[in-house]
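A quick write-up on the structure given underneath.
The values are calculated or read from the model by the stated rules, or taken from the named source; none is laboratory data. Since the structure is predicted, the reported quantities are computational estimates derived from the model, not experimental observations. All Cβ positions, glycine included, derive from the backbone under ideal geometry; neighbour counts span all protein chains shown.
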Amino acid sequence: MYYDKRGLAYTASSQAAVDAFDASVDEFLASGRDAALLLKRIAEVDPDMVMGQVLRGYFYRLPALPHLAAMSGDTLAKAQSLAAGATDREKKHVNALAAWCAGDIRKMNAIWESILVDHPHDILALRIAHTMHFFLGDLAHMRDSMARVMPRWDESVPGYGYVLGCRAFSLEENHDFENAEPMGKRAVEINENDIWAGHCVAHVLEGMGRRQEGIEWVDAHEEAWQKRGTFAHHMWWHRTLHYLELEQFDAVLDAYDNQIWAKPSQDNTDLGNASSMLMRLDILGIDVGDRWDSVAEVCAERIDTRLRPFNDLHYIMALTMAGRREDAKAMLASMRDFADSYPDGSVTIATTYRNAGIPVAEAILAHGAKDYAKVIEIMMPTRYKMLPLGGSWAQRDVWERMLINAALKDGQHSLARALLAERTDMAPTSGPSWAMYADALDNCGETDEAQTARGKAAELLAA
Ligand SMILES: [Fe+2]
């Protein structure tokens, strides 16, 4: 038996194999580019290390890419063939991978949580459970998962900063900005490569509408984070959200062309960043030229592959807005087929498609067809069912913006006013939201209130 740097036991042929495993997990924790390379190293040192196979299986499933997901079954079979002599903890990991391959993500998360009860230093289980709770929008699970292990971690345990960063993000997504911010900042102080912790702080600053600080936070760490693989592009996306809210549209388009979508990408985070930024611009009436086309080109390759509803909605936005409505409709039909294939709830995301993915996709298509009344009809109830789509509040906000835009465009002035009253209450530092609120108030004949709202917008945009 050999041990990792936190003292967990591994079934392996040598310490070198466990060290290689540790190195690969470290790179995963830092969202690095080299996790796959390091995985290869484990296979060279010990091709029969059961946790090496499990890690490979996890890495095949995590990016939600069809060609990688297709390889996870063989890896699972190999892990299962090696499991007989494994420890109970390792067997649970094999079972978690099996649940993932079968689509039962809730069961998989429950297995990781059961590992953490007895092995709170299993940083792989901890980090991947955190990610997958986020994937399902299980925000209470995400928060409580971290709270359960925190007393077992302190600065003397290797990897503590990463755990603190996860704890911080779990608080942020539960709107506890006050406690999240210092934790996220401390984690970045411990290790600037901890881009996930840096991302947590970016979300705090976005959620609180602290625009200049949000820009400066990313500027200050840009050099370190641009070495962190494609997740860095999501940090540039966060910075660009602040430009958008400050109505610095030239800066938004420049960041889009040079940082967010500098070249076509297969990566789902890149596709999400690109699609949602273009949609925000379009909703604000900014001409994005032919930028939708190259995003839609990549999305069109995934018409029949259902791996994550959240990603699919970004594909459907790109296809719809690029004028490829038939492709968007074909993807929607595939979503319906997928949901209908698993009526028993055995495949977690099939339920999510039914409750949220399909309605939001229908609303996106209706919005593209300028059928704004239909967008409103679908989105008014569905907006409260979107949490299981996963992603962050900041990401799902694009569909809230779509609803408000539909109310404004459809001439439903009172509804637009009401929705913008809600929005300015939730995000009182958003200049564009106050400006839209002013328009809606004007449309309702409430000129004095409109003037006050417009003054507020001008004040925020000048700051
Ligand atoms: Fe984010």
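Contact annotation: residue pairs with Cβ atoms under 7 Å, 6 or more positions apart or on different chains, pairing a residue in region 384-400 that is within 17 Å of residue 130 (Cβ to Cβ) with a partner that is aromatic (Phe, Trp, Tyr), are 390/134; 390/135; 390/310; 391/310.
Can you name the residue in region 85-100 that is touching a strand residue (DSSP E or B) at 6+ places or on another chain (Cβ under 8 Å) and assigned to a helix (DSSP H, G or I) and, of all such residues, is surrounded by the fewest Cβ atoms within 10 Å (Cβ to Cβ)? It would help to see each step written out before you state the result.
Step one: of region 85-100, the residues touching a strand residue (DSSP E or B) at 6+ places or on another chain (Cβ under 8 Å) are 87, 89-90.
Narrowing the set further to residues that are assigned to a helix (DSSP H, G or I) leaves 89-90.
Details: 89: 18, 90: 23.
It comes out as 89.
Annotation note: of 220, 187, the sole residue that is of a type outside the set (Asp, Glu), surrounded by fewer than 16 Cβ atoms within 10 Å (Cβ to Cβ) and more than 15 Å from the chain's Cα centre (by Cα) is 220. Of the helices (runs of 4 or more DSSP H) lying entirely inside region 8-75, those containing at least 1 residues that are closer than 26 Å to residue 302 by Cα, within 26 Å of the chain's Cα centre (by Cα) and of a type in the set (D, E, K, R) span 50-61. Filtered by the rule that a residue be within 15 Å of the ligand (Cβ to nearest atom), in a helix (DSSP H, G or I) and among the aliphatic types (A, V, I, L, M), region 190-214 gives 195, 197, 201, 202, 204, 205.
So which residues in region 65-81 are of a type in the set (A, V, I, L, M) and buried (at least 20 other Cβ atoms within 10 Å of the Cβ), if there are any at all? So that I can check it myself, show each step before the final result.
Within region 65-81, the subset of a type in the set (A, V, I, L, M) is 65, 68-71, 76-77, 79.
Matches in region 65-81: 76, 79.
Would you confirm whether any residue within region 383-392 is closer than 30 Å to residue 312 by Cβ and more than 25 Å from the chain's Cα centre (by Cα)? First the steps, then the outcome.
Restricting attention to region 383-392, the residues satisfying the condition of being closer than 30 Å to residue 312 by Cβ are 383-392.
Within this subset, residues satisfying the condition of being more than 25 Å from the chain's Cα centre (by Cα) are none.
The answer is no; no qualifying residue exists.
Keeping to region 245-272, report how many residues are among the aliphatic types (A, V, I, L, M), over 18 Å from residue 321 (Cβ atoms) and more than 16 Å from the ligand (Cβ to nearest atom). Adding up the residues that qualify gives 3.
Can you say whether residue 275 is polar (S, T, N, Q), more than 16 Å from the ligand (Cβ to nearest atom) and touching a residue at least 12 places away in the same chain (Cβ under 8 Å), as far as the supplied structure shows? Criteria not met by residue 275.
In the condition set (1) within 15 Å of the ligand (Cβ to nearest atom); (2) modelled with pLDDT of 95 or more; (3) among the charged types (D, E, K, R), residue 219 is compliant with all but (1). Going through (1) acidic (Asp, Glu); (2) more than 26 Å from residue 203 (Cβ to Cβ); (3) within 16 Å of the ligand (Cβ to nearest atom) one by one, residue 344 falls short only on (3).
Being within 16 Å of the ligand (Cβ to nearest atom), without any contact (Cβ under 8 Å) to a residue 40 or more places away in the chain and not aliphatic (A, V, I, L, M) is true of residue 242.
Quick check on my filter: what residues within region 21-41 are touching a residue at least 24 places away in the same chain (Cβ under 8 Å) and out of contact with any Ser or Thr (no Cβ under 6 Å at 6 or more places or on another chain)? Quick ask: steps written out before the conclusion?
If we filter region 21-41 for residues that are touching a residue at least 24 places away in the same chain (Cβ under 8 Å), which is where we start, we get 21, 24-26, 28-33, 35.
If the condition is that a residue be touching a residue at least 24 places away in the same chain (Cβ under 8 Å) and out of contact with any Ser or Thr (no Cβ under 6 Å at 6 or more places or on another chain), then 21, 24, 25, 26, 28, 29, 30, 31, 32, 33 are the ones that fit.
Identification of helices (runs of 4 or more DSSP H) wholly contained in region 278-376 with 3 or more residues that are farther than 20 Å from residue 64 by Cβ and among the hydrophobic types (A, V, I, L, M, F, W, C) yields 358-368. Report every pair of residues separated by at least 6 positions or lying on different chains whose Cβ atoms are under 8 Å apart, first residue within region 247-268 and among the β-branched types (Val, Ile, Thr), second not in a helix (DSSP H, G or I). Every condition considered, the pairs that remain are 252/286. Scanning region 325-347 for residues that are surrounded by 22 or more Cβ atoms within 10 Å (Cβ to Cβ) and either farther than 14 Å from residue 362 by Cα or of a type in the set (Ser, Thr, Tyr) (or both) returns a single hit, 338.
If you go through region 11-64 and keep only what is modelled with pLDDT of 95 or more, surrounded by fewer than 23 Cβ atoms within 10 Å (Cβ to Cβ) and among the polar types (S, T, N, Q), you end up with 11, 13, 14, 15.
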